[in-house]
Amino acid sequence: MALNNRNFGRTKAIVAFLLVLLLAVGLFASCRDQQEPGSEQLEESGISSDLAAIAEARGLTPDDVSAALKTYTPSGTHDEYILFASGGHAGQVYAIGVPSMRILKQIAVFTPEPWQGYGYGAKGSMEVLAGGYVNEDLPLTWGDTHHPALSETGGEYDGDWLFINDKANARVAVIDLRDFETKQIVKNPISLSDHGGTFSTPDTEWVIEGGQYAAPLGWSYSSIENYRDDYRGMITLWKFDREAGRIRPEESFAMELPPYWQDLCDAGKLVSDGWIFCNSFNTEMATGGVEKGEPAFESGASQRDMDYLHVINLDRAVEVAAAGNTTEVNGFPVISLDTALEEELLYFVPEPKSPHGVDVTPGGEYLVISGKLDPHTTVFSFEKIMAAIEAGDYEPDEYGVPVLNFDSVMETQVELGLGPLHTQFDDKGYAYTSLFLDSAVARWSLGGPYADLNDDPDWTLVQKTPVHYNVGHLVAAEGDTVSPDGNYLVSMNKWAVDRFANVGPLLPQNFQLIDIANPGATMQLLYDMPIPDGEPHYAQIIKADKLEPWEVYPEVGWDPITQSVSPHATAAGEERIERDGNNVEIWMTAVRSHFTPEHVEIRKGDHVTWHITNIERAYDATHGFTIPAYNINLSLEPGETETIEFEATHDGVFSYYCTEFCSALHLEMTGYLFIEPDDSQAFSESD
Ligand code: K7E
Ligand code: CUA
């Protein structure tokens, strides 16, 4: 009850605060002509407001003040949405609060991250990272993350899992949203390059990973002279096991595609559930070689007026794969192109011109595709595509793939501006398309079943708002679901140029938060957020209350990889060191403000297995653990048990300590690892 009273008092205070600020905004709006807020007007209005004076002193316009009001999130209050953005070549994922645009976490995925103890000794994380190596001899310590995909139930984000791909090395990662940690990385067995991933089917049975740059399948070699015969594109369907929280490679499969560069995919939903759509470019099959006098890729891959939207019958492909009608490539089942054609799994739709991305409308009725080199966005009708397939209204391409008649399946084209790329949707019958070359976001009205949701004419550009600069993807709240929220839009800009203080020639990316809630009003730019760490490509925004992450691990001794109690969980009083020949095993506990044991005595040449359990149950009582020189740093969240394993190759005295400032006596949370020389003569020998 006391808590409720406090909250009520707080609510009243917030309401009063907003009223005063809204008065100030209204006042500014009345002197909008001058743009510069003036103290005279403030005084004339009879409101002597400290807040107005602050706005004036800072040179804030009425728009600025309203943007501040829409984004300011007082201390202790939480954001309405969480945005999961790829970290681009940082190889990570960001979790960002919306509308405050506060970074809440950088989730370590493909790149080791010491604060989270990811890839710095913790055995589970080392194994997750190693799971994505192309080859044991070639450890990979980064990735180029592109498209995060939240798991879905019935086409709605369910807040359970997050997937993301690594374009550079063709990998897919699984993140568990109970603890926001990466649990699995799978390497694509047939391709070294991907892009059309990750996308989740409406019930997360499959995680889609489409290819990008064609190459011989199975990571093998063939000369570029053999491009048309030996190089291939692909799409991989990873089976996701929700109970286990893992991709099941043994139940997954791929499909061979012509060596067009598959780009982005999207899963059908509702009426188009069971189908997958991927755009492509370079159907010219340009092979580059500018240094040899051949046309450069940038011109060679832009000759034709049309590329191909790939329309893939997922449901039937699953049946074909399950029936074993596949060939093995690198030990992985692949539906060959011939089989795909025999079984009628693959169709093409001509799409203008060097397109980038395909976005399915919330009800699944239309596919929106924008050609980078065409000022229009093109809308295709799923119903018409199905009818054209049914009617046999197609001609085979060079590889025998049926190409549907463009005019038969195209619903409409809408002229938006220069360099249209990606599209998102709201709940009011509008679509939002990024315009890379215009550096703008276009709002346009949909038709068909969306026509009655707003008063604008169907399929018409309504408004454009400038962004800064070179927008790639954009993302709307719940924007890829069957029921977008129609709230915030984030423009993910590649360039920042002059938006922030200069910090040298490598500039941050710029996320711009835009208010799209009111269809009658101009889309309002609310906030600029620099991203100083890799180039995010895509993002998804989920309602924060759909996420139910743990505050502490459920039980003491928790292994976050198995999500169960570790066999090495150690309770207070059970700490010990055991030796078996050269193998030393240590069971340690961590609690504010000591490790037990504080002395660990071993010998050079020992093989060390060291388990540490954080026996805390208090929210946020994390301990770290580092051993100098051995490249070890752990993060032990409350309840967590971690294991490290290493060879004691160098003798000396090593002060291990807690790397999280956990308590007033944190500096005392330390101990000595004594590694004796293996030979008492060692020092004199080396002298
Ligand atoms: Cu950069 Cu989706 Cu990889 Cu467009 S992609 S921007
Ligand atoms: Cu535990 Cu610092």
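Annotation note: of Glu616, Glu647, the sole residue that is surrounded by 13 or more Cβ atoms within 10 Å (Cβ to Cβ), modelled with pLDDT of 95 or more and of a type in the set (D, E, K, R) is Glu616.
Give me the residue from region 623-657 that is among the aromatic types (Phe, Trp, Tyr) and in a strand (DSSP E or B) and, out of that set, farthest from ligand 2 (Cβ to nearest atom). Among them, the one singled out is Phe646.
Per the conditions (1) in contact (Cβ under 8 Å) with a residue 40 or more places away in the chain; (2) of a type in the set (A, V, I, L, M); (3) not in a helix (DSSP H, G or I), the sole criterion not satisfied by Ala286 is (1). Tyr308 satisfies every condition listed in (1) crowded, with 23+ Cβ neighbours inside 10 Å; (2) over 20 Å from Phe380 (Cβ atoms); (3) out of contact with any Gly (no Cβ under 9 Å at 6 or more places or on another chain) except (2).
Go through region 572-617 and give me each residue that's in a loop (DSSP other than H, G, I, E, B) and free of Cβ contacts under 8 Å to residues at least 12 places away in the same chain. Passing the criteria: Gly573, Gly581. Only a single criterion out of (1) part of a loop (DSSP other than H, G, I, E, B); (2) in contact with an Asp or Glu (Cβ under 9 Å, 6 or more places away or on another chain); (3) away from ligand 1 (no atom under 13 Å from the Cβ) is not satisfied by Glu555, namely (2). Take Tyr553 and decide whether it is in contact with a helix residue (DSSP H, G or I) (Cβ under 8 Å, 6 or more places away or on another chain), among the hydroxyl-bearing types (Ser, Thr, Tyr) and at pLDDT 95 or above. It is false that Tyr553 is in contact with a helix residue (DSSP H, G or I) (Cβ under 8 Å, 6 or more places away or on another chain), among the hydroxyl-bearing types (Ser, Thr, Tyr) and at pLDDT 95 or above. The C-beta contact set for region 655-669 (first residue assigned by TED's automatic domain parsing to the domain that holds Glu601, second residue among the acidic types (Asp, Glu) and within 16 Å of ligand 1 (Cβ to nearest atom), distance under 9 angstrom, 6+ apart or interchain) is empty. Remark: pairs (first residue in region 501-521, over 30 Å from Asp456 (Cα atoms); second residue of a type in the set (Val, Ile, Thr) and at pLDDT 95 or above; Cβ separation under 8 Å; 6+ apart in sequence or on different chains) = Leu507/Val497; Pro508/Ile531; Gln509/Ile531; Asn510/Ile531. Of all residues in region 580-602, those being away from ligand 2 (no atom under 16 Å from the Cβ) and either closer than 15 Å to Thr570 by Cβ or not assigned by TED's automatic domain parsing to the domain that holds Phe646 (or both) number 4. Does Val174 fit the bill of being over 21 Å from Asp480 (Cα atoms), β-branched (Val, Ile, Thr), away from ligand 2 (no atom under 16 Å from the Cβ) and buried (at least 22 other Cβ atoms within 10 Å of the Cβ)? No; evaluated as a whole, the condition is false for this residue. Considering only region 663-679, state which residues are under 16 Å from Thr596 (Cα atoms) and either within 16 Å of ligand 2 (Cβ to nearest atom) or hydrophobic (A, V, I, L, M, F, W, C) (or both). Within region 663-679, Leu665, His666, Leu667, Glu668, Met669, Thr670, Gly671, Leu673, Phe674 qualify.
The values are calculated or read from the model by the stated rules, or taken from the named source; none is laboratory data. All values derive from a computational prediction rather than experimental measurement. Backbone-built Cβ (ideal geometry, glycine too); neighbour counts: all protein chains shown.
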